[in-house]
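A short write-up of the structure that comes next.
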Amino acid sequence: MSNQRIALVTGANQGVGFQVAKELAANGVTVYVGSRNLERGEAAAKEIGNGAIALQIDVTDQASIRAAAERVRTELGRLDLLVNNAAISNTSRGDRSLEEFSKLTRASNISLDEVRAIWETNVFGALAVYQAMLPLLRESAHAHIVNVSSGVGSLTTNANPDFQYRKMYSPGYAASKTALNAITLAMMIELEGSGIKVNLVSPGFTKTNLNGYAGLESLEYGSREVVRVALLGPDGPTGTFTHWEGETIPW
């Protein structure tokens, strides 16, 4: 195990997280399949097969995060790769289309409870997991953090009147990804010179439960950049925000 990389992917029982965990395991990485619901995590780990270990972790629950970190420390002693993937897009969309729901989530009318719930997972959850897992990452000779964001969180892109999704920018999901980008930048700055790499990735508009399967890209296609960046070697770049190799997203 000393030569085999050890990863934790949060929100890995479905969607992009599941696909990333599956592909990492196929590449010989031992993967903790992080899931808020342990039974779903166990089912996902079973489907992935060799190298997958179910791990209960609710990124909105500090006790759950601490227990997950302690389990990793007890079982394997370190973490080489952290993929902060767990995210939610809303709590109240129901059967509404993305266009219909966007009209209910403008700055003037979105529920503050909705904003808080989304940010609790997408922003504070990612930060809480980072804080808990950083000591384990420091035990690695080649540590790496990959935060899964979205191009809709780019302030530069949304400031362009020609951006096709600009009208859908709201204090909820989109702004939570803007905040995640800022949190990631803080991580990058903190870890400069430490040897721990930090990269930010957007899977694009992928067909997942996150968007009611309204996305335009397949799960495999949408996950490819997360996997590529997660598998970068010690000489790979740090501090990047990409959608694919050579496709940089403005902050």
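The values are calculated or read from the model by the stated rules, or taken from the named source; none is laboratory data. Quick caveat: nothing in here was measured; it's all calculated off a predicted structure. No Cβ is skipped: glycine too gets one built from the backbone with ideal geometry, and neighbour counts run over all protein chains shown. Please note that ligands, DNA and RNA were not included when accessible areas were found on the heavy atoms of the full protein model with its side chains. Shrake-Rupley method; radii C 1.70, N 1.55, O 1.52, S 1.80 Å.
General observations
Each row is one residue, and each column tells you yes or no for (1) under 12 Å from residue 34 (Cα atoms); (2) of a type in the set (Val, Ile, Thr); (3) touching a Leu at 6+ places or on another chain (Cβ under 7 Å).
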residue: 54; (1), (2), (3): yes, no, yes
residue: 62; (1), (2), (3): no, no, no
residue: 70; (1), (2), (3): no, no, no
residue: 75; (1), (2), (3): no, no, no
residue: 81; (1), (2), (3): no, no, no
residue: 86; (1), (2), (3): yes, no, no
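- When residue 213 is tested against (1) within 18 Å of residue 87 (Cα to Cα); (2) at pLDDT 95 or above; (3) open to solvent by 40 Å² or more (accessible area, probe 1.4 Å), just one condition goes unmet, and that condition is (2).
- Candidates 140, 170, filtered to the one that is surrounded by 15 or more Cβ atoms within 10 Å (Cβ to Cβ), within 20 Å of residue 229 (Cα to Cα) and of a type in the set (Ser, Thr, Tyr): 140
- Matching residues in segment 85-124 - criterion: being in a helix (DSSP H, G or I) and open to solvent by less than 50 Å² (accessible area, probe 1.4 Å): 98, 101, 102, 114, 115, 117, 118, 121, 122, 123
- Residue selected from segment 29-44 under the condition of a type in the set (Gly, Ala, Ser) and in contact with a helix residue (DSSP H, G or I) (Cβ under 8 Å, 6 or more places away or on another chain), by the criterion farthest from residue 74 (Cα to Cα): 44
- One residue from 73, 78, 106 being touching a residue at least 40 places away in the same chain (Cβ under 8 Å) and within 25 Å of residue 202 (Cα to Cα): 106
- Residues of segment 125-142 that turn out to be farther than 20 Å from residue 178 by Cβ and part of a helix (DSSP H, G or I), as a count: 7
- Residues in segment 174-189 include none that are assigned to a loop (DSSP other than H, G, I, E, B) and open to solvent by 20 Å² or more (accessible area, probe 1.4 Å).
- Selected residue (criterion: nearest to residue 148 (Cα to Cα)) from residues of segment 237-248 that are in a loop (DSSP other than H, G, I, E, B) and at pLDDT below 95: 245
- Applying the criterion of being aliphatic (A, V, I, L, M) and touching a Phe, Trp or Tyr at 6+ places or on another chain (Cβ under 9 Å) to the residues of segment 9-44, the residue that is nearest to residue 227 (Cα to Cα) is 21.
- Residue within segment 73-84 that is on the phi < 0 side of the Ramachandran plot, more than 17 Å from the chain's Cα centre (by Cα), at pLDDT 95 or above and open to solvent by less than 80 Å² (accessible area, probe 1.4 Å) present: yes
- Cβ-Cβ contacts under 9 Å between residues 6 or more apart (or on different chains), taken from a first residue in segment 42-53 that is of a type in the set (D, E, K, R) to a second residue that is open to solvent by 60 Å² or more (accessible area, probe 1.4 Å), are listed as 47/22.
- Selection from segment 149-160 of residues that are touching a residue at least 12 places away in the same chain (Cβ under 8 Å) and open to solvent by 10 Å² or more (accessible area, probe 1.4 Å): 150, 151, 152, 155, 156, 157, 158
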